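Participant: This is the structure I want to talk about, given as structure tokens.
The values are calculated or read from the model by the stated rules, or taken from the named source; none is laboratory data. Keep in mind it's a predicted model, so treat the numbers as computed, not measured. Glycine gets a Cβ as well: all are built from the backbone with ideal geometry, and neighbour counts include every protein chain shown. We work out accessible area using only protein heavy atoms, side chains counted, and drop any ligands, DNA or RNA first. Shrake-Rupley method; radii C 1.70, N 1.55, O 1.52, S 1.80 Å.
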Amino acid sequence: MSDARTPAQIEADIISRREQLAVVLDEIGVRVHPKTIMGDAKAKAAEAVDRTAGRAFVAVNRTVSDVKARFVSEDGAPRLERVIPAALLAAGVVGLIAVSKRRRKN
């Protein structure tokens, strides 16, 4: 059997390839459209911000849990041997700041 194609088959192949090419060109047109490019860039930036914010949240949450574990026992009671010195230290710092501000005013 011969591999010769009829003119009608060739014309049908050409029409089919044109339609496929039109679809591909439409897809390329959408991909390179400025709005599509901007949308992709915004999505990538938002994803990076979300990822960074998530990492920051985890780090802060871990730090808060660590600090809480130092001042509160596992049963939820405050560890007075640590809370009282920390409170005195904080009060001292606040007092020094207040005295310093008064001296600057005068």
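Participant: Can you name the residue in the range 51-106 that is over 29 Å from the mean Cα position of the chain (by Cα) and of a type in the set (Asp, Glu) and is also most open to solvent (accessible area, probe 1.4 Å) among such residues?
Facilitator: Step one: list which residues in the range 51-106 are over 29 Å from the mean Cα position of the chain (by Cα), which gives 70-106.
With the extra rule that they be of a type in the set (Asp, Glu), the set shrinks to 74-75, 81.
Values: Glu74: 189, Asp75: 127, Glu81: 130 Å².
So the residue we want is Glu74.
Participant: Sticking with this structure for a sec: Look at Ala46 and say whether it is without any contact (Cβ under 8 Å) to a residue 40 or more places away in the chain and exposed (fewer than 10 other Cβ atoms within 10 Å of the Cβ).
Facilitator: Values: without any contact (Cβ under 8 Å) to a residue 40 or more places away in the chain: yes; exposed (fewer than 10 other Cβ atoms within 10 Å of the Cβ): no.
Judged against the criteria, Ala46 is not a match.
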